[in-house]
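> Below is one structure. I have some questions about it.
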Amino acid sequence: MDKVASSGIRERIETEVLQPASDGEVSSTRSVEFVATVLKIDRKNREVTLRGPTQTQEFDVAPTLSLDSLKVGDAVRAEFIPPVAASVVRVGTVPQ
């Protein structure tokens, strides 16, 4: 998350990378980069609430990022990599 100069316009860029693996399998990674406005900062729990182009959401802040110079109302560019969990089973079988 980096502070940016803002013209008041929020933006969102979604990226998905497909990585070929062995035996025809494919690995996929999705990330969302966006410009948002800081609405709330919880320094104790290292969480920020951001108002982005499509929604307002609370995010955990990585321990390597400093919150010292961040304040409510700042425009920030952030990247979010959503967690993915999937289970693939053959139709007609019972998952174990």
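> If I stretch the segment between GLU33 and THR56 completely, what's the gain in nm (0.36 nm per residue apart, minus their alpha carbon distance), one decimal?
6.8 nm
> Please report, largest first and rounded to whole Å, the three semi-axes of the ellipsoid equivalent to the stretch 31-73, where each semi-axis is the square root of five times an eigenvalue of the C-alpha gyration tensor.
Ellipsoid semi-axes (Å, largest first): 17, 12, 9.
Every number here is computed from the coordinates shown, using simple stated rules; none is lab data. Treat the numbers as computed from the prediction; the structure is a model and nothing was measured.
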